[in-house]
Amino acid sequence: MARKRIGDLLYEAGILSAEQLNEALKYQKQSKGRLGDVLIEMGFITETQLIEVLEFQLGIPHVNLSKEKIDPSLLTLIPENMANRYLVMPIRKERNKLFVAMADPMDYYAIDDMRMSTGFQIEVAIATKDEVKLFIERYYGMKGSLDEAMQSMGQASAAATSAGTDAELVDEDSPVVRLVSQILSQAVGNGASDIHFDPMENSMNVRFRVDGTLRTVQSLPKTMQNVVTARLKVMANLNIAEHRLPQDGRFRVTLDFREIDVRVSILPTIYGEKTVLRVLDLTSSLQKIEQIQFTDYNLKMVRHMLNAVSGMVLATGPTGSGKTSTLYAALSELNQPSVNIITVEDPVEYRMVGINQVAVNVVTGLTFAKGLRSILRQDPDIVMVGEIRDGETAEIAIRAAMTGHLVLSTLHTNDSVSSIARLIDMGVDRFLVATALRGVIAQRLVRKICDDCKTSYVPTQVELELLHNEGFAETGLMIGRGCSTCGRTGYRGRIAIHEVLQIDDTIRSMVLHGASDAEIRMYATDNKGFHTLLWDGLGKVKSGVTTISEVLRVAAHD
């Protein structure tokens, strides 16, 4: 098939007139630029029109690079000078195919050059010019900074460069400083919630947690380990000379016009210090309670609990399950000028207008328990405690809930019912738990099926039995095939599943008389319309939002 020129395609699509095309071609000869760029510069077409024509006329897919999971190892296949010359960004490879994003996917000379230099068959997608430039700078810039940092350190051992010089750790133009900044920028661009710097025997691996799953994005030489860790310590205002004890800190940066709060945890291991960064996007918009994916029944129960004048409402689940986001949504609903709301958090993840927020500071002695005591002298109506970590905080919060305050907090338990036993294990009296507790929201996050590659499938016999046991039909089940949008995983984004336990007089009596978790759960299921995390998850499976394997990954199945 003859290769068509971009000007001919635009003319045939009726977007460009013959006069405009001729005028652009004349200007192109003088400027020696790409015809597409010339047409956009002259105002004859928009970049959106160009992408649409290529996508629909030639079937060249359009990709959003910010949604792609780019494999950094491909940077060695296409050198930086070639990437800049042709405005091309490698995305991934499959067998003998190399998938790339180009600003001009009709630059056949560039495609042939890449095919000959890499030995791969080139599969092309189109991306905007600015986006390709940004990602070339972000990914190749990281590689360049790493090379510069290695060069500046020479062949010295890790011990001899244990923390680098003061200038290397604070100078914004230092290769090490640029490298760390580029890793942070890449993580934020990929939507990572955590960044892991894992010391290995001969290297340091950098991993991002995206949609709850860890993946390796970079492997740094072992000689870079100490200086990168030292840079992170400097940013978090930690002791760079301390290598034997765990350290915790935080810092705040602005990346891609977004304010990011980063929590830093450093732990000594046999191969050196492991650093984990928890990334909190302070510019993220708060969700409303209706957006938390509650079922209609669960939403009704939650609102009933939040309307109580006093008592305690708990959100439970493991770290990273969205508990705090759910409580913020609850506070957003309760936030009124006539109500005094005070929170004590570690850290303050979202700033809310009209709410007094206190950040825990262990260094100065401001703990959850101490902060909570002070808050109760501030005439609050509603109090949110970021997390109940110990018996002292639990008892103060429970007593506050019994004296006219609505108390919201989080707790680390497996499900809603076991939260009762957890509070009692912390040393809180059964009578106080039974009297103060209004309800518990247990929550998990499961990955959503990618919308771009969603397809129906036939469940296995085991899956059929599970669905039937929970009262669901097997029709309408979906799965993700895997595509460029989701990085071939079949999933993109996450959604919450819940179980909501509302405490009534019968459950209070059962708590006072030492009933087991199983007895309370059986009563709630038989008499309160209570549904487990598994049931709620399978309901979302039936709706085509997630998969059975995802639900079973986070929800117990007996």
Sort F120, F251, F56 by heavy-atom solvent-accessible area, probe 1.4 angstrom, most to least. F56, F120, F251
For K370, tell me the accessible area in Å² from a 1.4 Å probe, rounded to the nearest 10. 110
Any idea what angle helix 323-334 forms with the longest principal axis of the chain, computed on alpha-carbon atoms, 0 to 90 degrees, nearest 10? 70
Amide H neighbours of V217 at under 5 Å, excluding residues fewer than 5 places away on the same chain, with H built from the backbone geometry, are V206, R207, F208
What is the angle, in °, between the Cα long axis of helix 517-527 and the longest principal axis of the Cα atoms in the chain? Nearest 10 is fine, range 0 to 90. 90
Taking placed amide H atoms and a strict 5 Å upper bound, the residues 5 or more places from R250 or on another chain that come that close are V264
How far is it, in nm, from the label point at V276 to the one at E12 when both lie 7 Å from their Cα along the line to the Cβ? 5.6
Theoretical FRET efficiency, 1/(1+(r/R0)^6), r = Cβ-Cβ of E94 and S117, R0 22 Å, to 0.05: 0.75
Distance in nm between pseudo-label sites at A518 and N239 (7 Å out along the Cβ direction from Cα): 5.0
Exposure of K129 as accessible area (Å², to 10), given a probe of 1.4 Å and all protein chains: 60
State the Cα centre-to-centre distance between segment 325-396 and segment 505-553 in whole Å. 28
Scalar couplings 3J(HN,Hα) for segment 406-416 by Karplus 6.51 cos²θ - 1.76 cosθ + 1.60 (θ = phi - 60°), nearest whole Hz, x for Gly and Pro, are 8, 10, 10, 7, 10, 8, 8, 9, 6, 8, 5
Around K97: net Lys/Arg minus Asp/Glu count, Cβ-Cβ under 11 Å: +2
What is the extension gain from Q461 to R430, computed as 0.36 nm multiplied by their sequence separation minus the C-alpha to C-alpha distance, in nm to one decimal? 6.7 nm
For K300, K97, the accessible-area ranking with a 1.4 Å probe, largest leading, is K300, K97
How much accessible area per residue does the chain have, counting only protein heavy atoms and a probe of 1.4 Å, in square angstrom? 46
Quick check: residue separation of T403 and A421 times 0.36 nm, minus the Cα distance between them. What number comes out in nm? 4.2 nm
Just grab the label-to-label distance for T269 and N527, each label 7 Å out from Cα along the Cβ direction, in nm (one decimal). 5.0
Straight distance only, please: which lysines reach the Cα of K233 with their own Cα at less than 25 Å, same-chain residues fewer than 8 apart left out? K143, K222, K274
If you count only protein heavy atoms and use a 1.4 Å probe, how large is the accessible surface of T324, to the nearest 10 Å²? 40
Could you work out what % of the accessible surface of segment 439-558 is carbon and sulfur, using a 1.4 angstrom probe and leaving DNA, RNA and ligands out of the count? 50
Sort I342, I40 from largest to smallest accessible area, using a 1.4 Å probe on the heavy atoms of the protein chains. I40, I342
Taking 0.36 nm per residue of separation between Q378 and H304 and subtracting their Cα-Cα distance, the length gained on full extension comes to 24.0 nm
Quickly estimate the mean residue ellipticity at 222 nm for the chain, helices only: each DSSP H run with n ≥ 4 gives -39500 (n - 2.57), and the total goes over all residues, rounded to 500. -11500 deg cm²/dmol
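The values are calculated or read from the model by the stated rules, or taken from the named source; none is laboratory data. All of these numbers come straight from a predicted model, not from anything done at the bench. As a convention, Cβ positions derive from the backbone with ideal geometry for all residues, glycine included, and neighbour counts pool all protein chains shown. SASA here: full protein model, heavy atoms, side chains in, ligands and nucleic acids out. Shrake-Rupley method; radii C 1.70, N 1.55, O 1.52, S 1.80 Å.
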